[in-house]
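Participant: Quick one: this structure, given as structure tokens, is what I'll be asking you about.
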Amino acid sequence: MSAHRPRRIPRVILVNGLLALVVWSIWSVFFGPRYADLLGEHWPVALTMAFGSLVGGGTSEGGGAIAFPVLTKLLAVPADTARTFSFAIQSIGMTAASLSILLCRIPIERRVLGWGAVPGVAGVLVSTTLIAPLIPLPVVRVLFTMLLVSLAVALILQLRSRTYRRHLEIPVWGARERMLVAAVGLAGGLLSGVAGVGENTVMFVLLVLLFRVSEKITTPTTVVLMTIVSIAAFLSHVFLVQDFEGVVVEYWIVAAPVVALGAPLGAYLCTLMSPTTVRGVLIVLIAAELVSTVVFVPFTPVLALVSAASLAVLCTWFAVLLRSERYARSGGSESVFVTEVERADRALSSPPVASPPRLRTRGSAEQLRPQADRQRIPHERDDVDDRVRDHQG
């Protein structure tokens, strides 16, 4: 009787632990005992980012989606300070999550990074240095909320339309698609410079609602994209705007070791959750953000008008994307897209199914294969071809 082989530690756990260890080592060298003093003073920020980093690494919102409302509404931090902190902390947490995604070979749509990152960086630099200083702080808080609410509306609309296929990549890639990705990347960068998030949200909507790319591919793609934009925005605040100072630096020192572990862990947890669960978590978080904005932000008639107009524009755009059928059935895989973990879960929860009888008729693979088999994903088609060749041999 053979001994049981010890279970191997998953690669993603090893990578995440190594990334966190690197950050913790750097922090211990540069800050040492000062870190303990700052943690005792600003522990609510560290606690906030323990949860925010999971959201930032595992969803299309970004860690700033948790940090910004908590800092501005519960801790009474000015909106511009909270925005700067959001970029600073995302430059650590989302970088760790992106490295985890790349090192663990989690699938992403690399063409989106190639065509969306540069316009996104250009947009956030222009917005951070020229546009954001002109926007009143109450408008920043409300714009942030309306951006997230529009994302929730898009997710609900997508839940109500379950008949289209979800692809593993953008099914058609030509000049039109490149320009769309670049334009949305630029718009997302402009939004991010004002609200602290935006690049990941609008690109998520474009990929999911228009291009019908699976959330399992879209989410890690937007995490990597927002990482690039956040680093550019953070550097602009350090060297151009020069407002990364004082309490923002202290918040950053306290929270960075926390997000270095939480963000990669969030990226890993996202791969274990079904798309419906991911969407449900996002919708609940956004609902809480909307309620807190209504309760804590004093609305003037002008502010209410700005909120309604921005929400109407975003929701209209999302509805137009969802109604488009251009990419709904353009090649790609079937609408049922599952990871290996989901396949295992199905196998455990479903009764065994008897294997189909072996083929008894000679002929070509295309003649013997039923129509349904021709539409299966590639590795299933190869399996059918192998069975046919075995029979003919």
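The values are calculated or read from the model by the stated rules, or taken from the named source; none is laboratory data. Here the structure is a predicted model, which is why all the values come from computation and not from measurement. Here Cβ is always computed from backbone atoms with ideal geometry, including for glycine, and neighbour counts include all displayed protein chains.
Participant: Out of all the residues in region 262-270, is one or more at positive phi and either crowded, with 16+ Cβ neighbours inside 10 Å or out of contact with any strand residue (DSSP E or B) (no Cβ under 6 Å at 6 or more places or on another chain) (or both)?
Facilitator: No, the conditions are met nowhere in region 262-270.
Participant: Same structure, new question: Just checking, does region 241-249 include any residue being assigned to a helix (DSSP H, G or I), more than 18 Å from the chain's Cα centre (by Cα) and buried (at least 18 other Cβ atoms within 10 Å of the Cβ)?
Facilitator: yes
Participant: Give just the number: which of (1) crowded, with 20+ Cβ neighbours inside 10 Å; (2) assigned to a loop (DSSP other than H, G, I, E, B); (3) at pLDDT below 70 does Gly56 not satisfy?
Facilitator: (2)
Participant: Which condition does Leu47 not pass, out of (1) of a type in the set (A, V, I, L, M, F, W, C); (2) more than 19 Å from the chain's Cα centre (by Cα); (3) outside any helix (DSSP H, G or I); (4) modelled with pLDDT of 85 or more, if it passes all the others?
Facilitator: The number of the failed condition is (3).
Participant: Which pairs do you get when a residue that is surrounded by 13 or more Cβ atoms within 10 Å (Cβ to Cβ), found in region 19-37, comes within reach of a residue that is of a type in the set (S, T, N, Q) and modelled with pLDDT under 85, reach meaning Cβ atoms under 8 angstrom, with the pair 6+ apart or on two chains?
Facilitator: Leu19/Ser100; Tyr35/Ser28
Participant: Let me ask something else. If I filter region 200-215 down to residues being assigned to a helix (DSSP H, G or I) and more than 14 Å from the chain's Cα centre (by Cα), which single residue comes out as nearest to Ala82 (Cα to Cα)?
Facilitator: In this case the residue turns out to be Leu209.
Participant: For the structure I just gave you, tell me whether Thr219 is in contact with a Cys (Cβ under 8 Å, 6 or more places away or on another chain) and closer than 19 Å to Val281 by Cβ.
Facilitator: In short, yes.
Participant: Would you mind finding the one in Leu314, Leu305 that is loosely packed, with under 12 Cβ neighbours inside 10 Å and either in a helix (DSSP H, G or I) or within 22 Å of the chain's Cα centre (by Cα) (or both)?
Facilitator: Leu305
Participant: What is the number of the single condition among (1) of a type outside the set (A, V, I, L, M, F, W, C); (2) in contact (Cβ under 8 Å) with a residue 24 or more places away in the chain; (3) on the phi > 0 side of the Ramachandran plot that Gln242 does not meet?
Facilitator: So Gln242 meets the others, but not (2).
Participant: Go through (1) without any contact (Cβ under 8 Å) to a residue 12 or more places away in the chain; (2) within 30 Å of Glu325 (Cβ to Cβ) and name the single condition Leu130 misses.
Facilitator: For Leu130, the exception is condition (2).
Participant: Moving on. Taking interchain pairs and intrachain pairs at least six residues apart, which have beta carbon atoms under 8 angstrom, with the first residue in region 199-215 and over 14 Å from Ala319 (Cα atoms) and the second among the charged types (D, E, K, R) and crowded, with 24+ Cβ neighbours inside 10 Å?
Facilitator: Every condition considered, the pairs that remain are Asn200/Glu61; Thr201/Glu61; Val213/Glu109.
Participant: Considering Val229, Val197, which residue is in a loop (DSSP other than H, G, I, E, B) and either under 29 Å from Pro136 (Cβ atoms) or of a type in the set (Gly, Ala, Ser) (or both)?
Facilitator: Val197
Participant: A follow-up question, please. Inspect all residues belonging to region 277-290 and state whether any of them is within 23 Å of the chain's Cα centre (by Cα) and at pLDDT below 50.
Facilitator: No, there is no match, as no residue in region 277-290 is within 23 Å of the chain's Cα centre (by Cα) and at pLDDT below 50.
Participant: Any residue that is at pLDDT 90 or above and surrounded by fewer than 24 Cβ atoms within 10 Å (Cβ to Cβ) - is there at least one of those in region 214-230?
Facilitator: Looking through region 214-230, at least one residue is at pLDDT 90 or above and surrounded by fewer than 24 Cβ atoms within 10 Å (Cβ to Cβ).
Participant: In region 77-102, what residues are more than 17 Å from the chain's Cα centre (by Cα) and part of a helix (DSSP H, G or I)?
Facilitator: Listed by number, the residues that qualify are Ala79, Asp80, Thr81, Ala82, Arg83, Thr84, Phe85, Ala88.
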